[in-house]
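**Student:** One structure is given below, represented as structure tokens, and several questions about it will come after.
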Amino acid sequence: MEIHHIGYAVRDIVSSAQAFRDLGYKESSGIVDDVARNIKILFMKNSEGYTIELVEPVNERASVYNALKKNGEGPYHICYIVDDIEHALDELKKKKYMIVCKPQKAKAIDDKLVAFLYNIRVGLIELVER
Ligand code: NI
């Protein structure tokens, strides 16, 4: 599966953006307030075409809040592109992937559907519909 982005849990999106600029990443979006998901999001890209997503929780209801509390700042999911998210979820469920977040619209990715799954051998992954 093609990788869409690597998601980073951050405490302060503005400070982290500066740190990633120092690694050669440039903003590919503005900071998006995703009120429905209780997060702020910023996408950045480097000259090799790799995309990262900085995710800052705005309160403890955000799903990234626990990842941040437990592991501190750093990468916490890889997002893969799929053609049909419901079909991909059905297939992965048969292979010991647990749905932790059902498909919902992601404001920062043009309201495309995203879902999160967890596998004990892999950790957290995200799917985004093409
Ligand atoms: Ni993501």
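**Student:** Before I look further, what does region 2-129 give for accessible area per residue, probe 1.4 Å, in whole square angstrom?
**Tutor:** Each residue of region 2-129 exposes 59 Å² on average to a 1.4 Å probe.
**Student:** Leaving out same-chain residues fewer than 8 places away, which lysines sit with a Cα under 30 Å from that of K95?
**Tutor:** Within the straight-line limit of under 30 Å, K95 reaches these lysines: K69, K70, K105, K107, K112.
**Student:** Express the carbon and sulfur contribution to the solvent-accessible surface of region 7-119 as a percent, rounded to the nearest whole number, probe 1.4 angstrom.
**Tutor:** Using a 1.4 Å probe with all protein chains present, region 7-119 comes out at 49 percent carbon and sulfur.
**Student:** Moving on to the next point. Can you tell me the order of 14-25, 41-52 when each peptide is scored by its average per-residue count of other Cβ atoms within 10 angstrom, highest first?
**Tutor:** The packing order, highest mean first, is 41-52, 14-25.
**Student:** Here's something else I'd like to know. Working with all protein chains in place, sort V64, V58 by solvent-accessible area computed with a 1.4 Å probe, largest first.
**Tutor:** I get V58, V64, largest accessible area first.
**Student:** Grab the DSSP H runs of the chain that are 4 residues or longer, score each as -39,500 (n - 2.57), total them, divide by all residues and round the 222 nm result to the nearest 500 deg cm²/dmol.
**Tutor:** It lands at -5500 deg cm²/dmol.
**Student:** When a/c reaches 1.5 or more, the comparison of a/b and b/c decides; with that in mind, is region 1-102 rounded, prolate or oblate per its Cα gyration tensor?
**Tutor:** Since a/c reaches 1.5 but b/c is at least a/b, the shape of region 1-102 is classed as oblate.
**Student:** OK, next. Give me the distance between the Cα centres of region 30-47 and region 70-118, rounded to whole Å.
**Tutor:** 16 Å
**Student:** Once the dipole of the chain is set up with Lys and Arg at +1 and Asp and Glu at -1 on Cβ about the Cα centre, which of V82, M98, M1 lies farthest towards its positive end?
**Tutor:** After comparing all options, I get M98.
**Student:** Taking the Cα centre of the chain as origin and charging only Cβ (+1 Lys, Arg; -1 Asp, Glu), how large is the dipole, in debye to the nearest 20?
**Tutor:** 460 debye
The values are calculated or read from the model by the stated rules, or taken from the named source; none is laboratory data. Everything numeric in this text was worked out from a predicted model, so none of it was measured. In this analysis, Cβ positions are derived from the backbone assuming ideal geometry, glycine residues included, and neighbour counts consider all displayed protein chains. Side chains included, ligands, DNA and RNA excluded: accessible areas come from the protein's heavy atoms. Shrake-Rupley method; radii C 1.70, N 1.55, O 1.52, S 1.80 Å.
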